[in-house]
Amino acid sequence: MLNNKVVLITGGTGSFGKKFIETILLRYPMVKKIIVFSRDELKQSIIKQKYPAFDYPQLRFFIGDIRDRDRLTQATEGVDVIIHAAAIKQVDTAEYNPTECIRTNVDGAENVIHAALACGVKDVVALSTDKACAPINLYGATKLTSDKLFAAANNIRGSKDVRFSIVRYGNVMGSRGSVIPFFLEKKNEGELPITHRDMTRFNISLQEGVDLVMFAIGHHLGGEIFIPKIPSYKIMDIAEAIAPGCKTRLVGIRPGEKLHEEMITDTDSLNTIDMGEYYAILPSVSFTYTEDDYLTHHKAVKVPFGFKYNSGTNTEWETVDSLRSLIKEHVDPNFKI
C-alpha cells in the first residue's frame, strides 16, 4: 500500500508519529520517502539518532509549523499520502490559549487541505479525538471543526484524485499526560488522586491507533470518520491494577473533562455504519458518494437509530488483570503483575 509512495506526517515527532514511522519501515520496506514535518528540532534530532541517514535514506526531516501554509506546501511537493497528526492537544492549554489552539487546530487543518489540493496528494487521513464528539471544551470544538473541514474537502476537490478522511479514538494507553503513567508515578507517594470514582475511559494501544490509520488509507472513499471498536476501563480498576490497596483521594473532575468518553452520539447514529471491526460516521453532506455507495464499498450495515458509543455504556471492558498485562506490554516492561 505504501511501497514506492511518499508519505508526509505532520506532527511526526509525537508519540503517534514515531510509532507510525516504525510501522511503515517494518511493513513497507520499499516506501519511497517518509517526510517528518514538525517544529521540534530536538525531537527530530532524537529520531535521527534512532534512524541514521546512512541506514534510512528514505527519511526526511522538515522543520515547520502547520500554521505556515507556504512551508507546508513546500514540504508537500511530490507527496502521495498525508497523515495529519499535528495539534495542540492539552485541554487546559487550549482553554488558556484559545487563539493559539484555533490557529493550529483549525487554520492548520485548512493549510493541510490546501497543500494536498495544490500538490496532487492522493490520500489524506487526519487524526481526531473523542473530545470532538459533543465537545464541551475548546480543544474538542477545534477538532470537531477540523473534522468538518476534512470531510467537506472532498466536495471541493473537483477533478483532483484525492480523498480526505478522519480517524477518531480515545485515550492511548501510556501516552504522555495520560492516567496510567501518572498513577505509576504517584503510587510511590502512597496516594492516588481520583477525579471521580465512576469515571470510565476507552482504551487503545498506540499500535492499534496506527493500524486504524493504515486501514483508513487502504479503504476510505473520502469523508468518513473511522472509529475503532475498543474496550473501556473504570478509573478505579486502573488504580487497583497499578497500586492495589493504595490510598485514594477525590480531587474532582477537571474543567472541560467528561465523566465518560463519547465517540458516537445518538444523533450521529443517523449517519453511522457498522463495518465489523470499525464504525464509520459518514459525512452529512456529500456530493461525491451516496450512503449506499459507502455501505457497498465497506460491506457495512447501518447502526440502529439512537445508537451511541460511550465508554460508560460499552459492552466490552478491561479487567484489573487484563489491565496489568496491558500495562506491562504497552507502558512499562518492568511493571510487576
In the stretch 136-156, residues that are open to solvent by 20 Å² or more (accessible area, probe 1.4 Å), more than 17 Å from V112 (Cβ to Cβ) and modelled with pLDDT of 95 or more total 2
T288 being more than 23 Å from V167 (Cβ to Cβ), polar (S, T, N, Q) and either assigned to a strand (DSSP E or B) or open to solvent by less than 80 Å² (accessible area, probe 1.4 Å) (or both)
no
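Quick one: is H219 in contact (Cβ under 8 Å) with a residue 12 or more places away in the chain, open to solvent by 40 Å² or more (accessible area, probe 1.4 Å), touching a helix residue (DSSP H, G or I) at 6+ places or on another chain (Cβ under 9 Å) and within 24 Å of T272 (Cα to Cα)?
yes
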Conditions (1) open to solvent by less than 50 Å² (accessible area, probe 1.4 Å); (2) touching a residue at least 40 places away in the same chain (Cβ under 8 Å) -> I21 fails only (2)
Matching residues in the stretch 2-18 (surrounded by fewer than 15 Cβ atoms within 10 Å (Cβ to Cβ) and either modelled with pLDDT under 95 or more than 22 Å from A216 (Cα to Cα) (or both)) number 0
Would a scan of the stretch 109-122 turn up a residue that is within 16 Å of the chain's Cα centre (by Cα), modelled with pLDDT of 95 or more, of a type outside the set (D, E, K, R) and within 25 Å of K258 (Cβ to Cβ)?
yes
Contact list, first residue from the stretch 322-335 and farther than 13 Å from P231 by Cβ, second anywhere and in a helix (DSSP H, G or I), beta-carbon distance below 6 Å, six or more apart or interchain, is R324/A241; V331/I180; F335/I327; F335/K328
Any chance S159 is more than 20 Å from F335 (Cα to Cα) and either open to solvent by 20 Å² or more (accessible area, probe 1.4 Å) or touching a residue at least 60 places away in the same chain (Cβ under 8 Å) (or both) = yes
Q. Do the conditions hold for F37, that is, is it among the aromatic types (F, W, Y) and open to solvent by 60 Å² or more (accessible area, probe 1.4 Å)?
A. no
So the helices (runs of 4 or more DSSP H) completely within the stretch 1-95 holding 1 or more residues that are among the basic types (K, R), closer than 26 Å to A132 by Cα and touching a Phe, Trp or Tyr at 6+ places or on another chain (Cβ under 7 Å) are none
S325: passes all of (1) more than 26 Å from S159 (Cα to Cα); (2) open to solvent by 40 Å² or more (accessible area, probe 1.4 Å); (3) among the polar types (S, T, N, Q); (4) assigned to a loop (DSSP other than H, G, I, E, B) but (4)
For the stretch 229-252, pairs from a residue that is under 16 Å from M173 (Cα atoms) to a residue that is assigned to a helix (DSSP H, G or I) and among the aromatic types (F, W, Y), with Cβ under 9 Å and 6 or more apart or across chains, are I238/F183; A239/F183; A241/F183; I242/F183
For F305, the lone unmet condition from (1) open to solvent by 30 Å² or more (accessible area, probe 1.4 Å); (2) closer than 21 Å to M275 by Cα; (3) at pLDDT 95 or above; (4) hydrophobic (A, V, I, L, M, F, W, C) is (3)
Here the qualifying pairs (Cβ atoms under 6 Å; residues six or more apart or on different chains; first in the stretch 295-310 and closer than 22 Å to T129 by Cβ; second of a type outside the set (A, V, I, L, M, F, W, C) and part of a helix (DSSP H, G or I)) come out as V303/S269; F307/S269
Picking from V106, V91, V121, V81, the residue that is in contact with a helix residue (DSSP H, G or I) (Cβ under 7 Å, 6 or more places away or on another chain), buried (at least 24 other Cβ atoms within 10 Å of the Cβ) and of a type in the set (A, V, I, L, M, F, W, C) would be V121
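I'd like the residue in the stretch 162-177 that is surrounded by 15 or more Cβ atoms within 10 Å (Cβ to Cβ) and modelled with pLDDT under 95 and, out of all such residues, is farthest from the chain's Cα centre (by Cα).
Checked the stretch 162-177; the qualifying residue farthest from the chain's Cα centre (by Cα) is G174.
The values are calculated or read from the model by the stated rules, or taken from the named source; none is laboratory data. Given the structure is predicted, the values throughout are model-derived calculations rather than measurements. Backbone-built Cβ (ideal geometry, glycine too); neighbour counts: all protein chains shown. With ligands, DNA and RNA removed, areas are computed over all heavy atoms of the protein, side chains included. Shrake-Rupley method; radii C 1.70, N 1.55, O 1.52, S 1.80 Å.
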